[in-house]
Amino acid sequence: MNLHQLRFVREAVRQNYNLTDAAKALFTSQPGVSKAIIELEEELGVDIFTRHGKRIRGLTEPGRLVLESVELVMQEIDSMKRIGKEYAAQDSGSFTIATTHTQARYTLPKVVQAFMIKFPKVRLSLLQGNPRQIAEMVQRDQADLAIATESIAAIDGLITLPCYQWEHVVVVPVDHPLLKSKSVTLEEIAAFPLITYDSAFAGRNKIDHAFVLRGLKPDILLEAIDADVIKTYVELGMGIGIIAGMAFDAERDRGLRAIPVGHLFGMNVSRVAVKQGAYLRSYIYTFIELLTPTLNRKLIEQAMSGDKEHYEL
């Protein structure tokens with residue numbers, strides 16, 4: 001048994017059981033991958049993959065258990081490599097953050113700026129997607145951490161920590177009648193066409209749930225994945241928008257007004273997520289500390305060890 005065999009098994013699964021694609025991803029030959037997998041199966045005494053002719057189609061039951069062990073072994077090897085790199089260069093390297101548009105656009109700029117001043121030699125990358133997509137980026141080692149609303153807390157294989165709370169706001173043109181209401185109600189909101197987030201975002205689920213509980217069916221005119229698009233169509237007079245409070249900037253959004261509606265849709269918690277068992281470079285701890293004053297390296301390490309008592313909001 002050797003590391004090449006383990007890598008080939010993992011990559012075959014990642015490439016949807018296409019050994020040609022797996023070989024390309026690992027810069028080797030398809031026959032070499034196939035031979036290595038067969039040799040590993042012979043050594044273990046079980047079939048890892050189901051086959052149709054010479055083509056592999058999926059994992060056998062013992063194969064699923066083998067894959068779990070392979071993932072653990074490869075994760076430990078990756079961690080050892082990162083340890084070596086960190087001690088060789090404490091203040092340089094690469095760092096990839098996966099996050100949603102709202103976080104990237106409104107929450108992270110000042111944090112990223114402060115981080116880059118502290119670590120100018122670190123090559124920082126931002127990847128964007130919906131909460132499920134960015135969680136998968138961390139699971140697949142395409143990103144070091146993810147930042148999104150609390151839906152990522154339920155995804156297996158991730159350790160998530162709370163960063164800060166926020167509420168939704170309704171955005172309307174400056175002369176909109178809702179601005180005259182002392183305390184906006186769901187019925188008042190449902191009287192207008194709505195422009196809000198795509199259903200892939202956790203905040204949208206809370207919005208839908210609130211209307212359902214009141215027996216209301218709002219007219220969802222348009223769904224979008226980022227607040228800038230929502231605000232643009234509100235400014236055109238097509239409807240009213242519901243966005244994350246952090247996405248409204250009174251200076252930039254002078255043609256709009258924001259009405260806080262946390263009393264209707266509840267409070268939300270943005271969270272930072274890392275892969276369970278991952279080795280974090282020292283500057284990643286620093287980034288998380290810059291992101292939120294409620295977290296420090298000690299609390300993060302407690303979370304990584306499975307102790308949730310001391311860091312949950």
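Pairing residues of segment 27-43 that are touching a residue at least 24 places away in the same chain (Cβ under 8 Å) with residues that are open to solvent by 70 Å² or more (accessible area, probe 1.4 Å) and assigned to a helix (DSSP H, G or I), at Cβ distances under 7 Å and at least 6 apart in sequence or on separate chains, gives Ala36/His4. Residue-level analysis places Phe49 outside the set of residues that are surrounded by fewer than 17 Cβ atoms within 10 Å (Cβ to Cβ) and either in contact (Cβ under 8 Å) with a residue 24 or more places away in the chain or of a type outside the set (Ser, Thr, Tyr) (or both).
For the condition without any contact (Cβ under 8 Å) to a residue 40 or more places away in the chain, of a type in the set (Lys, Arg) and open to solvent by 20 Å² or more (accessible area, probe 1.4 Å), Arg123 qualifies.
The single condition among (1) over 24 Å from the mean Cα position of the chain (by Cα); (2) modelled with pLDDT under 90 that Glu76 does not satisfy is (1).
Let me confirm something: among Tyr279, Tyr283, which residue is among the aromatic types (Phe, Trp, Tyr), under 24 Å from the mean Cα position of the chain (by Cα) and part of a loop (DSSP other than H, G, I, E, B)?
Values: Tyr283 fails: part of a loop (DSSP other than H, G, I, E, B).
Being among the aromatic types (Phe, Trp, Tyr), under 24 Å from the mean Cα position of the chain (by Cα) and part of a loop (DSSP other than H, G, I, E, B) holds for just one of Tyr279, Tyr283, which is Tyr279.
Could you please find all residues in segment 215-236 being within 20 Å of Asp198 (Cα to Cα) and surrounded by fewer than 13 Cβ atoms within 10 Å (Cβ to Cβ)? Selection gives Lys217, Asp219, Leu236.
Leu161 meets all of the listed conditions (1) of a type outside the set (Lys, Arg); (2) within 17 Å of Tyr279 (Cα to Cα); (3) more than 14 Å from the chain's Cα centre (by Cα) but one, namely (3).
Give me the helices (runs of 4 or more DSSP H) completely within segment 1-79, filtered to those with at least 1 residues that are within 22 Å of Ala278 (Cα to Cα), ordered by residue number. Show your work before the answer.
Values: elements: 3-14, 19-25, 30-44.
In segment 1-79, the matching helices (runs of 4 or more DSSP H) lie at 3-14.
Against the criterion of being crowded, with 16+ Cβ neighbours inside 10 Å, touching a Leu at 6+ places or on another chain (Cβ under 6 Å) and either among the β-branched types (Val, Ile, Thr) or not assigned by the TED database to the domain that holds Ala148 (or both), Gly239 qualifies.
Scanning segment 182-208 for residues that are farther than 19 Å from Ser270 by Cβ, surrounded by fewer than 18 Cβ atoms within 10 Å (Cβ to Cβ) and out of contact with any strand residue (DSSP E or B) (no Cβ under 8 Å at 6 or more places or on another chain) returns Lys182, Ser183, Thr185, Glu187, Glu188, Ala190, Ala191, Asp208.
Let's see how each residue does on (1) closer than 21 Å to Lys217 by Cα; (2) more than 30 Å from the chain's Cα centre (by Cα); (3) touching a residue at least 12 places away in the same chain (Cβ under 8 Å); (4) not assigned by the TED database to the domain that holds Val13:
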site	(1), (2), (3), (4)
Ile134	no, no, yes, yes
Ala154	no, no, no, yes
His176	no, yes, yes, yes
Glu187	yes, yes, yes, yes
Phe192	yes, yes, yes, yes
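For Ala278, are the conditions met, namely being in the same structural domain as Asp144 (by the TED database), open to solvent by less than 40 Å² (accessible area, probe 1.4 Å), touching a Ser or Thr at 6+ places or on another chain (Cβ under 9 Å) and at pLDDT below 90?
Details: in the same structural domain as Asp144 (by the TED database): yes; open to solvent by less than 40 Å² (accessible area, probe 1.4 Å): yes; touching a Ser or Thr at 6+ places or on another chain (Cβ under 9 Å): yes; at pLDDT below 90: yes.
In short, yes.
The values are calculated or read from the model by the stated rules, or taken from the named source; none is laboratory data. Computed from a predicted model, the values in this text were never measured in an experiment. Counting neighbours? That spans all protein chains shown, and the Cβs are built from the backbone with ideal geometry, glycine included. When the accessible area is computed, the model is the full protein with side chains, heavy atoms only, and any ligands, DNA or RNA have been set aside. Shrake-Rupley method; radii C 1.70, N 1.55, O 1.52, S 1.80 Å.
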